[in-house]
Each structure stands twice: as C-alpha cells, then as structure tokens.
1. Do we have Arg170 as away from ligand 1 (no atom under 13 Å from the Cβ), among the basic types (Lys, Arg) and modelled with pLDDT under 95 here?
2. Please pick out the residue among Lys30, Lys133 that is surrounded by 15 or more Cβ atoms within 10 Å (Cβ to Cβ) and not assigned by TED's automatic domain parsing to the domain that holds Lys289.
3. Does Asp310 satisfy being among the acidic types (Asp, Glu), modelled with pLDDT under 80 and either exposed (fewer than 13 other Cβ atoms within 10 Å of the Cβ) or more than 30 Å from Gln23 (Cβ to Cβ) (or both)?
4. What pairs come out if I take residues in segment 262-283 that are over 13 Å from Glu249 (Cα atoms) and among the small types (Gly, Ala, Ser) and pair them with residues that are assigned to a loop (DSSP other than H, G, I, E, B) and open to solvent by 30 Å² or more (accessible area, probe 1.4 Å) whose C-beta lies under 7 Å away, six or more apart or interchain?
5. Working only within segment 113-150, note down all residues that are within 16 Å of ligand 1 (Cβ to nearest atom), closer than 26 Å to Asn61 by Cβ and not in a strand (DSSP E or B).
6. Every residue in segment 519-528 that is touching a strand residue (DSSP E or B) at 6+ places or on another chain (Cβ under 9 Å) and either loosely packed, with under 15 Cβ neighbours inside 10 Å or in a loop (DSSP other than H, G, I, E, B) (or both), please.
7. Restricting attention to segment 20-55, which residues are part of a helix (DSSP H, G or I) and without any contact (Cβ under 8 Å) to a residue 40 or more places away in the chain?
8. Taking the condition of being over 19 Å from Phe153 (Cα atoms), within 9 Å of ligand 1 (Cβ to nearest atom), of a type outside the set (S, T, N, Q) and open to solvent by less than 30 Å² (accessible area, probe 1.4 Å), how many residues in segment 45-74 meet it?
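The values are calculated or read from the model by the stated rules, or taken from the named source; none is laboratory data. All values reported here derive from a predicted model rather than from experimental measurement. Glycine gets a Cβ as well: all are built from the backbone with ideal geometry, and neighbour counts include every protein chain shown. Ligands, DNA and RNA are excluded from the accessible area calculation, which covers all protein heavy atoms including side chains. Shrake-Rupley method; radii C 1.70, N 1.55, O 1.52, S 1.80 Å.
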Amino acid sequence: MSDIIKLLPDHVANQIAAGEVVQRPASVVKELLENSIDAGASQIKLLVKDAGRTLVQVIDNGKGMSTTDARLSFERHATSKINSADDLFALNTKGFRGEALASIAAVAHVELKTKTEGEEVGTQIEIEGSVIKSQEVCATLQGTSIAVKNLFFNIPARRNFLKSDSVELRHIIDEFQRVALAHESIAFMLYHNDSELFNLPIANKRQRIVGVFGPKTNEKLVPVTEETEIVDIDGFIVKPEFSKKTKGEQFFFVNDRFIKHPYLNHSVSAAFDGLLPDRARASYFIYLKVDPKSIDINIHPTKTEVKFEDEHAIYTLLRAAVKHSLGQFNIAPVLDFNRESNMDTPYSYKNKEAQVPKVDVDRSFNPFEQEQKVKTSSYSGTPHYEKKNAAGWENLYDGLDKRNSSNSFSHLQIENEPETESLFVEHESKGFKDLKETDSDSANTYQLHNKYIVSAIKSGMMLIDQQRAHQRVLYEEFLRNITVKESVSQQLLFPLRLNYSPAELAIFKDLKESLENTGFALSMPEDGVLEVSGIPASIQESEVSIVLEQLLSDVEQEVPDTGFSQTDVLAKSMAKSMAVKTGEKLDELSREHLVNKLFACTEPTMSPFLKKTFITLTVDELDRKFNA
Ligand code: ADP
Ligand code: MG
C-alpha cells in the first residue's frame with residue numbers, strides 16, 4: 001500500500017486552528033484588543049457592525065509593525081512575545097501562541113494597516129481565507145488598524161451557528177468590558193453600527209468601573225486592598241444591599257487578565273455569608289497580582305482559566321480581605337423581609353381560638369359561563385384579551401352549577417357522618433348566615449395563607465398557586481401583545497428618567513420594539529438615560545424600574561442559552577416581576593378574575609417556568625385521607 005499520510009496545507013491547518021480560537025465575533029474582539037494592549041497602545045477604538053458579522057475593527061496607537069512583521073504576523077506560530085518555552089512561565093503579555101491573526105485570517109476578510117514610530121509610510125495588507133490579496137505601502141498614523149470583515153464567509157455552518165445580533169453583541173460587550181476593566185490606564189471606545197456604546201477615558205480603577213457600569217455604580221462600591229507575600233489584592237466589592245438575585249457582576253483579574261475562578265468566587269461569597277438577602281449573589285471587581293511564575297494560564301485555549309500555585313493561601317487571604325472591608329465600612333446584615341411572610345406557618349395559630357373558616361362555596365359558580373362582572377381588580381392583570389377557550393376545563397366544574405348550594409353541602413356531610421348531625425347543624429346555621437351576608441359578592445373561592453386559591457370543582461377541590469397562575473396569565477398576555485401589538489399604553493404626565501450604563505441601554509435599544517408593543521414608550525434622549533413616557537396599562541409607575549431591572553438581569557442571564565428568544569425572555573421576565581406574589585391578599589373578585597383567566601390560557605397547567613399552577617384533590621382522595 002502506498003503512503004497515505006500527508007501534511008495538511010497551511011490554509012486548512014489554519015482553518016482547523018481557527019475553530020478553537022475564533023468561535024464568534026467576540027473572540028475576534030478579544031484577540032485584537034489584547035494584541036493592541038501588548039503593542040503598548042494608550043488608546044484603543046473598537047468598531048463593530050451588525051454585532052460583528054459584517055465588521056470587527058480595532059484601531060490602536062501602539063508601536064505598530066514593520067513591513068516584514070506585518071506580513072509575518074499572519075503566519076501560524078508567529079509571535080514576537082516569546083522566544084523559548086521558558087518564557088511561558090513568566091508571561092507579561094496577553095498573547096503568546098502566535099495563532100490569533102493566522103486563525104482570524106483563515107476565516108474572514110482581513111485588512112491590516114500599520115506603521116511604526118520611525119517610518120514615513122505604513123504597510124497595508126489584505127488577506128482573505130489565508131490568501132494574501134494585496135500588499136501596499138500606505139499613509140497611516142502610528143499604530144495598527146485591523147479590520148475583520150465577513151467573519152466565517154467560507155464556513156457557512158459556523159456563520160449559521162451564530163446567535164441573534166443581541167446575543168452576539170452581548171458577548172462582544174462582555175469581552176470589551178473585561179478588557180477595559182483590566183486596563184484603566186488605556187482609553188477605550190466602542191461603537192456599534194456608528195453609535196457610541198462606550199467612551200472610557202484613562203482613569204483610575206473606580207472611575208473605570210463607574211464608566212463601564214454607569215454613574216449609579218459609584219455609591220455601591222467598597223474598596224478592598226491587601227498586600228501580602230504571595231498576592232496583592234486590590235479592587236472593590238459591591239455593598240450587599242445592591243447585590244443581584246441573579247448573576248451579578250463578578251470579576252476577577254489576575255495580572256490584568258480577566259479570569260473565571262469558581263474556587264476564589266466561593267472565597268468572596270464566603271466572606272459575604274449572612275450579609276446577602278436570600279439567593280442574592282455577591283458582586284465584585286477584584287484585581288490580583290501574583291508572580292507570573294506562580295500561575296499557569298496555559299491550561300485553556302481561550303485563557304480565562306488560571307491555575308495558581310498557592311490556591312488555598314489565596315483563598316484564605318481573599319476571604320479575610322473582603323471580610324475586613326465589609327467590617328471596616330460598617331456593613332450590617334440586610335434583613336430579608338420577604339422571608340418573614342413565608343414563616344406564616346400553621347403554628348402561629350396554635351394559641352388562637354379555632355374559627356370556622358369562611359368557605360363560601362357557591363355551587364352555582366361556573367367560571368366559564370359567568371359574565372366578567374368587573375374589569376378592574378386589585379391585582380395587576382391586563383384587562384384586555386378575554387379568551388373563552390376553556391379547552392375541556394369546564395368539565396371540572398360540570399354539575400356544580402346545577403346543585404342547590406345549601407342542600408348539597410349539608411347533604412354531603414350528613415350522609416357521611418350522620419351521628420354528628422347536631423354539631424353540624426349548629427355550625428351550618430352560622431355558615432349559612434355568613435353565606436347570606438356575602439352572597440352579593442358570590443364568593444366561590446377562598447384564599448389560603450395568602451398563597452393558594454381554593455376552589456370547588458366537580459370532582460372535589462382545586463388549589464391554585466396564585467403567583468404561578470398569574471405568571472401564566474401575564475406571560476400569555478405579553479406574548480400576545482408583543483406579537484399582535486394590541487396593548488394599551490398609559491402616558492405618563494412626567495416621563496421617568498432612569499440612569500443606565502451604555503451596555504444596559506444597548507439591551508433596551510435592542511428590546512425597544514418589543515417593549516413598545518407591550519405598552520412602553522421609550523426614548524434615549526442622552527447618554528446614560530432611558531426616558532419612559534408611557535407604560536403598559538397593567539403596571540404601576542412605581543413598578544417600572546423594578547420591572548426593567550429584572551428584565552436586564554434576565555436578558556443578561558439568558559445570553560449563554562441556546563434557545564434564546566427575545567420575545568419569550570421579555571414575556572417571562574415581565575410576567576415574573578409583575579405577577580402577584582405569595583403573601584398578597586386577593587379579594588374575591590381578583591381571585592375569580594384570576595381563576596377565569598388562568599383557564600382561558602392556552603397552557604393553564606404550568607407556569608411559564610414549568611411549575612405546576614394548580615393541583616386537584618378529589619372527594620375520593622379526601623375520603624381516603626379521612627378514613628386512613
Ligand atoms: P500573539 O499575540 O500570540 O503573539 P497574534 O497572532 O495575536 O499572536 O499576533 C502575532 C504577532 O503580530 C504578535 O506577536 C505581534 O508581534 C504582532 N501584532 C499583532 N497585533 C498587533 C498590533 N495591534 N500592534 C502591533 N503588533 C501586533
Ligand atoms: Mg494575540
């Protein structure tokens with residue numbers, strides 16, 4: 001047999017290597033920004049078009065490249081940053097593999113312009129899919145500009161694999177922020193489709209964090225510093241009361257490189273122990289400096305994971321440093337008031353006299369035949385969109401309406417336990433008096449512990465989780481509003497002006513159309529400001545910032561998910577923040593309204609977060625319990 005092994009041509013090898021280095025536009029952003037930093041730039045400008053699909057360009061004022069270097073920079077394993085394997089153990093640069101430019105040039109159209117300090121003219125090179133198309137002299141400023149166009153033009157599968165623009169842009173912003181946060185002594189700018197998202201002048205660390213996350217961040221930061229033999233710790237933690245229930249902002253930098261480190265994250269969280277509200281997570285910006293020899297950053301191709309020689313010692317030192325600043329700045333535990341309402345256990349009734357609950361069961365109630373009596377209610381459901389799609393659910397109530405209420409109630413009890421007749425008669429008469437008094441309200445439902453709605457059904461009883469049920473109702477309404485655009489907006493007399501960071505505003509910009517379909521009227525009159533001049537009919541003005549804050553954190557969290565659908569995330573998020581909560585008292589009409597709406601939903605059995613909205617208990621099951 002003849003020899004079959006052959007060396008892969010360079011452009012194929014480069015394309016394969018590119019698979020590892022260039023996963024999405026954000027990977028290009030990271031590599032180019034890091035090269036500019038390594039080139040000693042003090043000013044770096046990032047231009048992005050169509051979330052990086054069309055263009056990612058980085059322009060720096062660094063040291064530039066000679067003509068020969070410019071040409072060589074696209075070769076694989078071409079690097080000016082290490083000379084020998086030993087250098088790997090004392091890295092002071094971001095790059096060292098010499099792979100990035102070769103990989104990027106293998107899967108895109110790249111245009112390089114560069115000039116070093118002493119030279120009169122610069123070099124311009126165009127390269128497409130590893131093939132050099134042109135090389136010329138050009139007039140340009142000192143520094144380097146690399147424009148990466150039509151990413152994955154020759155790998156349609158990868159191009160199709162890219163997520164929506166909002167997701168890809170989010171990844172780009174994430175990379176940009178990480179780099180910008182690590183290098184406050186470099187000025188950064190980010191433009192997307194010609195609009196400026198960030199303009200960060202040279203600053204100190206605090207100013208840089210505030211520049212990235214918006215002016216309201218300043219008051220939230222508490223400094224952390226500690227200098228030791230093995231590590232220097234510097235940075236800020238976010239005061240516990242500003243912590244977020246979800247992901248939060250968690251940044252570790254080691255020797256000016258962003259890293260992810262679950263173990264060290266645990267150390268900071270441990271220092272916060274007892275200070276955070278339920279389920280909230282600590283936010284922080286922590287900068288560690290260690291001897292480059294004591295870390296291994298080579299263990300991961302995208303280099304966000306780092307191995308420390310002295311992990312345990314750093315863990316302990318970090319926790320102590322964070323604890324120390326929490327103590328020094330007098331940060332007291334935050335009481336979680338929400339938790340207390342949940343402590344409403346049956347034991348609190350221990351010493352109270354037993355009362356006959358006002359279970360005013362109206363047998364004539366059939367939610368699907370009844371007219372909607374009142375359109376407004378104390379819970380914030382949108383009053384439009386009444387769909388009488390009971391999809392078989394009315395069967396649950398069948399028969400109930402045909403019975404005479406008083407007779408069936410007494411009949412049931414007396415039939416099962418005739419010997420206690422006298423006892424029940426007494427109670428009954430009291431019960432019937434109550435029934436009469438409340439008859440005009442026609443009470444069909446009962447609220448249990450401000451959490452469940454109890455309702456009689458044909459086969460027995462139903463317990464509905466009020467919060468989940470309302471989430472389902474709102475979710476379907478929002479989904480519909482976003483697509484059908486039929487919602488009603490209430491205009492605000494005085495528009496709300498809310499401050500957000502550029503990245504947050506970028507998210508709102510992206511969601512603007514969908515949000516407006518739900519009833520919001522939004523504008524961005526100036527940097528850092530979101531102006532809200534109209535809101536959905538179903539929400540209160542005071543709830544707006546909570547709803548929007550929740551939305552931001554949900555959208556941020558959603559990014560890594562494959563099934564990201566903007567509409568769905570928006571509808572879920574708004575349903576979550578606007579639904580009645582456990583612990584809220586609902587009046588009779590609100591309860592009925594909610595039950596009606598739930599069973600008019602397309603999918604009444606589950607909340608949008610796939611939790612059961614109700615359970616049923618049949619009379620048989622109840623009987624069995626009584627006879628067990
Ligand atoms: P690495 O950064 O690992 O060395 P790259 O492929 O990213 O590999 O870059 C190859 C080389 O090209 C670098 O080592 C550097 O000499 C040069 N280079 C890349 N970008 C720039 C830039 N913006 N300014 C100056 N030189 C650059
Ligand atoms: Mg590099």
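1. yes
2. Lys30
3. So Asp310 fails the test.
4. Gly274/Pro333
5. Thr116, Glu117, Gly118, Glu119, Thr140, Leu141, Gln142
6. Once the filter is applied, which keeps residues that are touching a strand residue (DSSP E or B) at 6+ places or on another chain (Cβ under 9 Å) and either loosely packed, with under 15 Cβ neighbours inside 10 Å or in a loop (DSSP other than H, G, I, E, B) (or both), segment 519-528 yields Gly519, Phe520, Ser523, Met524, Pro525, Asp527, Gly528.
7. none
8. Of the residues in that region, 5 qualify.
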